[in-house]
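A short worksheet on the structure shown next.
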2 protein chains.
Amino acid sequence: MSATSLAAMLRERGLRLTPQRQLILEAVHELGHATPETVHNAVRERVAGVNITTVYRTLELLEELGLVNHTHLSHGSPTYHPAGEDQHVHLVCRSCGSIEEMDPAVLLPVCDRLRDERDFRVDVGHVSLFGVCGKCKESE
Amino acid sequence: MSATSLAAMLRERGLRLTPQRQLILEAVHELGHATPETVHNAVRERVAGVNITTVYRTLELLEELGLVNHTHLSHGSPTYHPAGEDQHVHLVCRSCGSIEEMDPAVLLPVCDRLRDERDFRVDVGHVSLFGVCGKCKESE
DNA sequence: TTCGTTGCAAACAGTTTGCATGCGG
DNA sequence: CCGCATGCAAACTGTTTGCAACGAA
């Protein structure tokens with residue numbers, strides 16, 4: 001996502017491209033999985049004075065624009081990541097907190113079955129599976 | 001879970017069976033999926049003066065005892081449900097908020113694959129799948 | 001000048017902690 | 001009497017909202 005195309009998307013809706021919005025989107029891309037607070041810190045490393053409120057509002061806006069997605073990993077803050085990338089399922093280790101990504105294709109059989117049997121359409125881009133990663137399993 | 005066996009479990013750890021603890025556990029069983037606040041309200045319908053703090057502390061205790069489990073359904077409060085019942089996966093409709101339950105067996109192929117390929121042990125009792133239920137799909 | 005955007009402060013929801021009281025064993 | 005358990009108030013985290021000021025078109 002270049003600054004100019006972001007500007008174009010915003011202009012279509014009568015909105016402006018501001019330094020804050022550009023930096024926040026860049027931060028989400030750099031960080032991969034980031035909470036609003038993490039994004040806030042990353043942005044502030046570059047420029048001072050960006051408010052956490054703006055981060056929240058901008059992340060919401062970027063999600064409306066389809067540029068980022070958010071997921072709820074266990075408790076606490078949601079994490080944002082760039083959209084447009086391949087969708088992925090999150091593997092969250094409850095022991096060390098690490099987040100791995102996985103191809104959602106492995107869930108397709110399950111999704112098909114839920115659609116047929118339960119009439120439920122799973123949003124595969126929004127799935128988090130909790131468990132214990134190999135590293136933590138060893139040291140138990 | 002009878003009051004006497006709950007009492008026994010508590011005594012094993014040097015803890016007491018109080019009316020609050022008994023009522024809170026009963027409420028979780030009655031409600032099925034309940035947030036701490038919902039439990040609090042349910043308990044207060046029976047007896048006045050039970051503090052929300054006590055609900056939090058007791059739910060945590062009951063979870064340590066293995067009597068209840070909690071899951072994070074999207075944002076906001078966690079929901080508690082009785083353990084010991086069959087484990088189940090939650091199907092959460094993002095549109096109407098309804099919660100259906102599902103046999104986690106449908107996830108076993110996925111879990112096996114993750115264990116073999118990624119060395120990741122999924123906690124099937126803790127899975128929530130987000131999407132749209134049939135009812136909401138119709139009215140779109 | 002208009003209106004989107006921001007920062008600040010305050011409100012807000014959910015949760016946790018410290019502390020004094022109180023009751024059971 | 002000892003120590004678990006509770007209630008209350010206050011702190012705390014994460015998030016949202018109201019409002020005035022700023023600045024680009």
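The values are calculated or read from the model by the stated rules, or taken from the named source; none is laboratory data. These numbers were taken from a predicted model, which means no experiment stands behind them. Positions of Cβ are backbone-derived with ideal geometry, glycine not excepted, and every protein chain shown enters the neighbour counts. Each accessible area value is taken on the protein alone, full model and side chains, heavy atoms only, with ligands, DNA and RNA left out. Shrake-Rupley method; radii C 1.70, N 1.55, O 1.52, S 1.80 Å.
Details
- Screening the candidates B:100, B:30, B:26, B:60 for the property of being within 16 Å of DNA strand C (Cβ to nearest atom), of a type in the set (Asp, Glu) and open to solvent by 20 Å² or more (accessible area, probe 1.4 Å) yields one hit, B:60.
- Selection within segment B:63-77 - within 14 Å of chain A (Cβ to nearest Cβ) and surrounded by fewer than 17 Cβ atoms within 10 Å (Cβ to Cβ): B:63, B:74, B:75, B:76, B:77
- Pairs with Cβ under 7 Å, 6+ apart, first in segment A:2-30 and without any contact (Cβ under 8 Å) to a residue 60 or more places away in the chain, second buried (at least 16 other Cβ atoms within 10 Å of the Cβ) and hydroxyl-bearing (Ser, Thr, Tyr): A:20/A:54; A:20/A:58; A:21/A:58; A:24/A:58; A:28/A:80
- Selection within segment B:97-108 - more than 7 Å from chain A (Cβ to nearest Cβ) and more than 17 Å from the chain's Cα centre (by Cα): B:105, B:108
- Per the listing A:94, A:46, the residue uniquely among the charged types (D, E, K, R), open to solvent by 20 Å² or more (accessible area, probe 1.4 Å), within 16 Å of DNA strand C (Cβ to nearest atom) and within 14 Å of chain B (Cβ to nearest Cβ) is A:94.
- Criterion: at pLDDT below 90 and of a type in the set (D, E, K, R) - qualifying residue of A:100, A:37, A:64, A:60: A:100
- Residue satisfying all of: in segment B:80-91; within 17 Å of residue A:113 (Cβ to Cβ) and either more than 10 Å from every other protein chain (Cβ to nearest Cβ) or out of contact with any Cys (no Cβ under 9 Å at 6 or more places or on another chain) (or both); surrounded by the fewest Cβ atoms within 10 Å (Cβ to Cβ) among these: B:88
- Filtering segment A:1-23 to residues that are in contact with a helix residue (DSSP H, G or I) (Cβ under 7 Å, 6 or more places away or on another chain), open to solvent by 20 Å² or more (accessible area, probe 1.4 Å) and not small (Gly, Ala, Ser) leaves A:1, A:16, A:17, A:20, A:21, A:22, A:23.
- With respect to (1) within 14 Å of chain B (Cβ to nearest Cβ); (2) surrounded by fewer than 20 Cβ atoms within 10 Å (Cβ to Cβ); (3) polar (S, T, N, Q), the lone exception for residue A:53 is condition (1).
- Qualifying positions in segment B:109-127 - more than 10 Å from chain A (Cβ to nearest Cβ) and either of a type in the set (S, T, N, Q) or open to solvent by 80 Å² or more (accessible area, probe 1.4 Å) (or both): B:116
- Matching residues in segment B:12-23 - criterion: being within 9 Å of DNA strand C (Cβ to nearest atom) and basic (Lys, Arg): B:16
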